[in-house]
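The structure appears below as structure tokens.
The values are calculated or read from the model by the stated rules, or taken from the named source; none is laboratory data. The shown structure was predicted, so the numbers you read here are calculated from the model rather than taken from an experiment. Cβ placement follows ideal geometry from the backbone for every residue including glycine, while neighbour counts extend to all protein chains displayed. Surface areas here come from the heavy atoms of the whole protein model, side chains and all, with no ligands, DNA or RNA. Shrake-Rupley method; radii C 1.70, N 1.55, O 1.52, S 1.80 Å.
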Amino acid sequence: MTPVAATATPRLRVDNVTLQYKTPSGGTFTALDKVSFEVPDQQFAVLVGPSGCGKSSLLYLTAGLAEPTSGDIYVGGQQVDGPGADRGMVFQGYTLFPWLTVRKNIEFGLKRRGMPAAERKEIVEFYLNEVGLRRFADNYSKQLSGGMMQRVAIARALANDPQILLMDEPFGALDSQTRLQMQQLLLKVWEHSKKTVLFVTHDIDEAILLGDRIFVMGARPGRIKEVLDVPIGRPRNLDMVMDPEFIRMKRNIFHQLHDGPDDHAD
Amino acid sequence: MSKRNSWLNRCLTPKTSLPAQVIWSASGLAWVLLIGLWASLSYGGVVPAMFLPTPGAVFDAAMRLARDGTLGPHVWASVEVVMVGFVISSVVAVPIGLMMGSFRVVQAFLEPLVNFIRYLPVTSFVPLFILWIGIGLEQRVSIIIFGVFFQQLVMIADVSKGISKDLINASYTLGSTRRDAVLHVIAPASLPGVLDTLRVTMGWAWTYLVVAELVAASSGLGYLSLKAMRGFQVDVIFLAIAVIGLLGLITDQLFRFLRLKVAAWAQ
Ligand SMILES: Nc1ncnc2c1ncn2[C@@H]1O[C@H](COP(=O)(O)OP(=O)(O)OP(=O)(O)O)[C@@H](O)[C@H]1O
Ligand SMILES: [Mg+2]
């Protein structure tokens, strides 16, 4: 670990990370090529990029669910070595535990930690309110819509009070109407918690609306092509997608993503 | 009658629910047809009574054996053997099967062996077991265990292999240890599949029981029907078969009920 003064330690530091997969033909495929970046405390950072550029891989590495071929990742100054409750994650697919009710899903991490019941209840109630699912607290996941399931997944990750929240296209499978509601909800929840977030999306509007800083990635090999700060103040709302600043930025990212010689437009 | 609401039309549409009366009528009809066919063949004299007894004769046999007190002990002897064999087998197979599907090394260790034994016909071991264990209860229990255990292992391993890796990963990001992942993700996620496996293998346990009782036993429904064969009491053979069928139907319903109760989330 590098000895850095506490105030200067970024919440997340990705240092020269390369990830290679073995191909069935015996070669290697470079999913991420010497990726480095930092996310300071309380920042909402967004990764955008074409399909297959390694966005999910980068989150899995940060979560400690996979290991980089070379390079290191630090969260709160600690080198990542395996998964832990300090890095919460909302997955691309639905990962609620179907045998548990909404309430018990949110409680899952707290229970593993051995938190007393009274304390657990208080936290669970708070997050049930945050994501607007009080009425559904005792439902099982098969009785929930896709948007509700992702709300539970967000609440479940936040209940653990992680150092950083990793979100892998959490709204990718939702219809556009629900998606807008979810973005609004996430903006609200984030205003309350000011958690450091690393958020993956395909959707440029979503990236600008939610993010403080956007990392534009390129594919083959996966790398960071451009870092952009979003010049729009907070608190944000859905109307801001019509701001000239917003549109200028959207055009910029659009060209970044679609003009590259080696990237597919998708 | 509108086309959309006609129940006849619904009957012919795949994967469509039907009113309970229609379901019950269809189930009842199957029994009526079976017993009707049986009655017409036997009462009509198409098949001689020596080979096919009338339903009435089988009912009389049931009354007779119930009254003289022989039916009850035979039924109980069979139920006891099935229960003991099935419970011992399941109690061991469920945890090992879950491990086998979750840990690659356990799978590598057990799978070749299990798949070898699984294909050995149980019946070929009956003489060996008689030689080793004799013809007591233990012998019949052993045959049931031998017939059911290895099948259970493979089926339960498949159940736990089917659990999504994402669920386990999600539990890790929530602070689960590996032990937590086994106890609080793999185990509950496997429960419906495990209960289904038990329900299916329970049927096989009954099959092996009768095999064991036909060869070497002094009580039980298999023994009862063997003895009846020697005395040309075809009505008693039919009675034994009917009782085994009924007991199977009851255990099947119990498992369905259990699954509905403890794994309601998976219905
Ligand atoms: N286990 C694996 N073995 C081999 N190649 C893999 C594996 N996992 C991912 N890849 C490859 O690595 C690249 C990056 O995958 P990743 O899932 O991180 O992309 P992504 O940016 O999240 O894509 P998407 O937007 O479609 O979710 C892809 O080209 C993928 O084919
Ligand atoms: Mg992805």
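Quick notes on this one:
- Antiparallel DSSP beta bridges within chain A, percent to nearest 5: 55 percent
- For the protein assembly as shown: accessible area per residue (Å², 1.4 Å): 51 Å²
- Apportionment of accessible area to carbon and sulfur, chain B, percent (1.4 Å): 71 percent
- Cα long-axis angle, helix A:102-112 against chain A (0 to 90 degrees, to the nearest 10): 80 degrees
- Around A:GLN92: net Lys/Arg minus Asp/Glu count, Cβ-Cβ under 9 Å: -3
- Assigned charges on the beta-carbon of Lys, Arg, Asp, Glu; the protein assembly as shown dipole about Cα centre (debye): 1080 debye
- A Förster radius of 60 Å, combined with the Cβ-Cβ distance separating A:SER36 from B:ALA264, puts the computed FRET efficiency at roughly 0.75.
- Among A:LEU19, A:ALA85, A:VAL46 - extreme Cα towards positive end, dipole of region A:1-121, charges at beta-carbon: A:ALA85
- Size of electric dipole in chain B: Cβ of Lys, Arg +1 and of Asp, Glu -1, about Cα centre, debye, nearest 20: 760 debye
- Global form of the protein assembly as shown, assessed from the alpha-carbon gyration tensor, a/c cut-off 1.5: prolate
- Among A:TYR21, A:TYR127, A:TYR140: highest mean-square fluctuation, GNM of chain A, C-alpha pairs under 10 Å: A:TYR21
- Entries in A:LYS142/B:LYS261; A:LYS250/B:LYS165; A:LYS194/B:LYS161 that, when Cα-Cα distance is taken, lie over 27 Å: A:LYS250/B:LYS165; A:LYS194/B:LYS161
- Selected from B:ILE23, B:ILE133, B:ILE117 as most flexible by GNM, with chain B as the system and alpha-carbon contacts under 10 Å: B:ILE23
- Kyte-Doolittle at least 0.5, axis length at least 27 Å by Cα - qualifying DSSP helices, chain B: B:20-43, B:71-102, B:137-161, B:187-215, B:234-262
- Interface size, chains B and A: roughly 1700 Å² of accessible area buried, both sides included, 1.4 Å probe, rounded to the nearest 100.
- Within straight-line cross-link reach of A:LYS22, lysines at Cα separation under 17 Å, skipping those fewer than 8 residues along the same chain: none
- Only one residue of B:VAL87, B:VAL105, B:ALA77 has its Cα farthest out toward the positive end of the dipole of chain B, where Lys and Arg carry +1 and Asp and Glu -1 on Cβ, and that residue is B:VAL105.
- Residues losing 40 Å² or more accessible surface upon assembly, region B:149-180, compared with the chain by itself, 1.4 Å: B:ASP166, B:LEU167, B:ASN169, B:ALA170, B:TYR172, B:THR173, B:LEU174
- Note on B:ASP68 and A:ALA117: with the Förster distance fixed at 56 Å, the Cβ-Cβ geometry gives a FRET efficiency of about 0.40.
- Burial of 40 Å² or greater, region A:46-85 residues [accessible area, probe 1.4 Å, versus chain by itself]: A:LEU65
- Portion, in percent, of the accessible area of region A:3-265 that falls on carbon or sulfur, probe 1.4 Å: 49 percent
- Shape call, region B:6-132: gyration tensor on alpha carbons, a/c limit 1.5: oblate
- Shape call, chain B: gyration tensor on alpha carbons, a/c limit 1.5: oblate
- Electrostatic dipole magnitude of chain A [Cβ: Lys, Arg +1; Asp, Glu -1; Cα centre; debye, to 20]: 760 debye
- Taking a straight Cα-Cα cut-off under 16 Å and skipping sequence neighbours fewer than 8 places away in the same chain, the aspartates and glutamates within cross-link reach of B:LYS227 are B:GLU213, B:ASP235.
- In terms of packing, defined here as the mean over residues of other Cβ atoms within 10 angstrom, the peptides A:85-97, B:103-115, B:169-181 line up highest first as A:85-97, B:169-181, B:103-115.
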